[in-house]
Amino acid sequence: MTRLCALLLALLTPLAIADTLRIQGSNTIGATLAPALVRGLLQSRGISEIHSEPGAQANEVRIRGGDIQVDIAAHGSSTGFVALKAGDAELAAASRPIKDSEVADLQALGNLTSAEAEQVIALDGVAVLVHPDNPLPQLTIEQLARIFSGQIASWEELGVGGGPIQLYARDDRSGTWETFKALVLDPHGQRLADSARRFESGEELAEAVRQDRHAIGFSSLSTVHGARVLAVADGASRALLPSPAQIASEDYPLSRRLYFYLPPAQGNPLARALLDFTQSPRGQAIVASNGFIDQRVRTLSEPPQADMPPSYRRLSGEAQRLSVNFRFQEGSATLDNKAQRDVQRLVDYLKQNRKLERKVVLVGFGDAKDDARRAFLLSRLRAMAVRRELVRQGVTLREVIGLGAELPVAANTDTQGRIRNRRVEAWVY
């Protein structure tokens, strides 16, 4: 009888959960990408029965498989860092970099800007959306700032019909909003008009724009949902659509990085396993299948143009540009966290394609903040910094070029633009 009671008790007791993980933060990541990555990790461990159920609130989900349980709450990037501090999450998802104030607030958990703590998991573009019938082809960042601040209030002021402009924006907790604010409004000293409708969900915003002929809004490229996407220009640079190639190279003016943040003091093995899986080729394939831009190295089409510097025009006619662009920590020639991982991705690509010996050309660029000669020297210095890392891994370079402030991809009038212009491209023969 005692044995029978014990058996019945065991059957009535829920299955024990040995490993748990709590992820909080970005709606852009948490809506579909994070759940897909979690399912991919479980499948990689041979778990076939995986179940998802809604959480306690909207934009929350619980995923179970085997003896693993993962809870995901997607209420905006800032909520992830709040949850880390409160001990309510082991992993924060963010669609913008951690702020200095958040780094200071979380210093008890370790340095969240270190390469191990701050990991870029995907690339994305903030897409500017209008109604499908809107004929406007493109806008500059300055025009966007004036539109979303309310200074430009009608479509007629932009040369098209349509009456008053209706503004749609993400909510204050959203990393998408933080990115738009940092790249569009702040550089021009503007604030969002009070008339803007705010959305926690990018999907809901895009659907609202699709149904409103007067609308303009912004969302992740992964949540366009039938709205029309405009090309965007920054300063004198050419207007670009948020295509996969332009986002992979981060040339598109409103490109952004998506992050997982794992505090160094956090010992959760499932969190570390998810990060490692996400950075693997299989994880990056899941990134791509969910509408984001993965970080696998690929070739880009860069045909010769008459306005290119001669050495660059020659290169574009003879070699192929790769999707990786190396960028640097602000004010230094030290590779940023993404670039450090991109070095290994580039080496792996070169090995797979047998291009380790004198097949690679590095092209460094700077900004026009300083005089032309200094910009040239610094652009070559940055290219040499990348060369040094590649040489350590057995790559013999064909050529290293510095082009100074030529071919800017952003305006040099603000810090963010100058940082984007300080880059190193990789080309292969």
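It is to be established whether one or more residues within region 409-425 are crowded, with 21+ Cβ neighbours inside 10 Å and of a type in the set (S, T, N, Q). Full working, then the answer.
Residues of region 409-425 crowded, with 21+ Cβ neighbours inside 10 Å: 409-411, 417, 420-425.
In the following step, the residues that additionally are of a type in the set (S, T, N, Q) were identified as 421.
Among the residues of region 409-425, at least one is crowded, with 21+ Cβ neighbours inside 10 Å and of a type in the set (S, T, N, Q), which makes the answer yes.
This table checks each residue for (1) without any contact (Cβ under 8 Å) to a residue 40 or more places away in the chain; (2) over 26 Å from Ala288 (Cβ atoms).
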residue	(1), (2)
Thr176	no, no
Phe180	no, no
Gly189	yes, yes
Ala193	no, yes
Ser219	no, no
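The conditions are (1) in contact with an Asp or Glu (Cβ under 7 Å, 6 or more places away or on another chain); (2) crowded, with 19+ Cβ neighbours inside 10 Å; (3) of a type in the set (Ser, Thr, Tyr); (4) more than 30 Å from Leu129 (Cβ to Cβ), and Tyr261 fails exactly one of them. Which is it?
(4)
Quick one: His75 ticks every box in (1) in contact with a strand residue (DSSP E or B) (Cβ under 8 Å, 6 or more places away or on another chain); (2) loosely packed, with under 15 Cβ neighbours inside 10 Å; (3) not aliphatic (A, V, I, L, M) except a single one, so which number is it?
Only one criterion is unmet by His75, namely (2).
I'm trying to understand the selection: among the residues of region 224-236, which are within 15 Å of Val130 (Cβ to Cβ), of a type outside the set (Lys, Arg), in contact (Cβ under 8 Å) with a residue 40 or more places away in the chain and in contact with a strand residue (DSSP E or B) (Cβ under 9 Å, 6 or more places away or on another chain)?
Applying the first criterion (within 15 Å of Val130 (Cβ to Cβ)) to region 224-236 yields 224-232.
Narrowing further to those that are of a type outside the set (Lys, Arg): 224-227, 229-232.
Still in the list and also in contact (Cβ under 8 Å) with a residue 40 or more places away in the chain: 224, 226-227, 229-232.
The answer is Val224, Ala227, Val229, Leu230, Ala231, Val232.
Out of Arg373, Arg341, I need the residue that is in contact (Cβ under 8 Å) with a residue 40 or more places away in the chain and in a helix (DSSP H, G or I). Which one? Before you say what the answer is, go through the steps one by one.
Numbers: Arg373 fails: in contact (Cβ under 8 Å) with a residue 40 or more places away in the chain.
Every option except Arg341 fails the conditions.
Does Ser114 satisfy being part of a helix (DSSP H, G or I), within 19 Å of the chain's Cα centre (by Cα), more than 30 Å from Arg238 (Cβ to Cβ) and not acidic (Asp, Glu)?
Numbers: part of a helix (DSSP H, G or I): no; within 19 Å of the chain's Cα centre (by Cα): yes; more than 30 Å from Arg238 (Cβ to Cβ): yes; not acidic (Asp, Glu): yes.
So Ser114 fails the test.
Would you check which residues across region 257-283 are in contact with a strand residue (DSSP E or B) (Cβ under 7 Å, 6 or more places away or on another chain) and either modelled with pLDDT under 95 or farther than 22 Å from Gln295 by Cβ (or both) and list them?
Across region 257-283, the qualifying residues are Asn268, Leu270.
Confirm whether Pro263 is assigned to a loop (DSSP other than H, G, I, E, B) and under 30 Å from Lys355 (Cα atoms). Talk me through it step by step, then tell me what you get.
Details: assigned to a loop (DSSP other than H, G, I, E, B): yes; under 30 Å from Lys355 (Cα atoms): no.
So Pro263 fails the test.
What about Ala153, is it modelled with pLDDT of 95 or more, within 12 Å of Tyr261 (Cβ to Cβ) and not acidic (Asp, Glu)? Give the derivation first.
On the way: modelled with pLDDT of 95 or more: yes; within 12 Å of Tyr261 (Cβ to Cβ): no; not acidic (Asp, Glu): yes.
No.
Determine which single condition Ile68 fails, assuming it passes every other condition in (1) crowded, with 20+ Cβ neighbours inside 10 Å; (2) in contact with a Phe, Trp or Tyr (Cβ under 8 Å, 6 or more places away or on another chain); (3) farther than 17 Å from Ser174 by Cα.
Going through (1) crowded, with 20+ Cβ neighbours inside 10 Å; (2) in contact with a Phe, Trp or Tyr (Cβ under 8 Å, 6 or more places away or on another chain); (3) farther than 17 Å from Ser174 by Cα one by one, Ile68 breaks only (2).
Filter region 239-260 down to the residues that are under 27 Å from Arg213 (Cα atoms) and either basic (Lys, Arg) or assigned to a loop (DSSP other than H, G, I, E, B) (or both) and list them by number.
Within region 239-260, Ala239, Leu241, Pro242, Ser243, Tyr252, Pro253, Leu254 qualify.
Go through region 328-381 and give me each residue that's out of contact with any Leu (no Cβ under 8 Å at 6 or more places or on another chain) and basic (Lys, Arg).
Within region 328-381, Lys338, Arg341, Arg345, Lys351, Arg354, Lys355, Lys369, Arg373, Arg374, Arg380 qualify.
How many residues does region 98-132 contain that are buried (at least 23 other Cβ atoms within 10 Å of the Cβ) and under 21 Å from Ala288 (Cα atoms)?
The qualifying residues number 8.
Out of region 166-185, which residues are among the charged types (D, E, K, R) and either more than 21 Å from Ile141 (Cα to Cα) or surrounded by 15 or more Cβ atoms within 10 Å (Cβ to Cβ) (or both)? Spell out how you get there, then give the answer.
Looking only at region 166-185, we keep the residues that are among the charged types (D, E, K, R), and these are 170-173, 178, 181.
Answer for region 166-185, where residues must be among the charged types (D, E, K, R) and either more than 21 Å from Ile141 (Cα to Cα) or surrounded by 15 or more Cβ atoms within 10 Å (Cβ to Cβ) (or both): Arg170, Asp171, Arg173, Glu178, Lys181.
Take the residues in region 306-327 that are of a type outside the set (Gly, Ala, Ser) and touching a Lys or Arg at 6+ places or on another chain (Cβ under 6 Å), then tell me which one is surrounded by the most Cβ atoms within 10 Å (Cβ to Cβ). Steps first, answer last, please.
Kept after step one, since they are of a type outside the set (Gly, Ala, Ser), are these residues of region 306-327: 307-310, 312-315, 318, 320-322, 324-327.
Those left that are additionally touching a Lys or Arg at 6+ places or on another chain (Cβ under 6 Å): 325, 327.
Values: Asn325: 21, Arg327: 19.
If we take residues in region 306-327 being of a type outside the set (Gly, Ala, Ser) and touching a Lys or Arg at 6+ places or on another chain (Cβ under 6 Å), then Asn325 is surrounded by the most Cβ atoms within 10 Å (Cβ to Cβ).
For the structure I just gave you, tell me whether Asp172 is over 30 Å from Ser301 (Cα atoms), out of contact with any strand residue (DSSP E or B) (no Cβ under 7 Å at 6 or more places or on another chain) and modelled with pLDDT under 95. Reasoning before the result, please.
On the way: over 30 Å from Ser301 (Cα atoms): yes; out of contact with any strand residue (DSSP E or B) (no Cβ under 7 Å at 6 or more places or on another chain): yes; modelled with pLDDT under 95: yes.
Yes; evaluated as a whole, the condition is true for this residue.
Criterion first (among the acidic types (Asp, Glu), surrounded by fewer than 22 Cβ atoms within 10 Å (Cβ to Cβ) and in a strand (DSSP E or B)) does Glu406 satisfy it?
Values: among the acidic types (Asp, Glu): yes; surrounded by fewer than 22 Cβ atoms within 10 Å (Cβ to Cβ): yes; in a strand (DSSP E or B): no.
When the stated conditions are applied, Glu406 does not pass them.
For region 280-302, what are the residues that are surrounded by 19 or more Cβ atoms within 10 Å (Cβ to Cβ) and either small (Gly, Ala, Ser) or not in a loop (DSSP other than H, G, I, E, B) (or both)?
Of everything in region 280-302, those that are surrounded by 19 or more Cβ atoms within 10 Å (Cβ to Cβ) and either small (Gly, Ala, Ser) or not in a loop (DSSP other than H, G, I, E, B) (or both) turn out to be Gly283, Gln284, Ile286, Val287, Ile293.
Could you list, in sequence order, the residues of region 220-238 that are modelled with pLDDT of 95 or more and either surrounded by fewer than 17 Cβ atoms within 10 Å (Cβ to Cβ) or out of contact with any Pro (no Cβ under 6 Å at 6 or more places or on another chain) (or both)? Steps first, answer last, please.
First pass over region 220-238, keeping only residues modelled with pLDDT of 95 or more: 227-233.
Answer for region 220-238, where residues must be modelled with pLDDT of 95 or more and either surrounded by fewer than 17 Cβ atoms within 10 Å (Cβ to Cβ) or out of contact with any Pro (no Cβ under 6 Å at 6 or more places or on another chain) (or both): Ala227, Val229, Leu230, Ala231, Ala233.
The values are calculated or read from the model by the stated rules, or taken from the named source; none is laboratory data. Computed from a prediction, not measured in an experiment: that's the story for all the values here. Note that we place each Cβ from the backbone using ideal geometry, even for glycine, and neighbour counts take in every protein chain shown.
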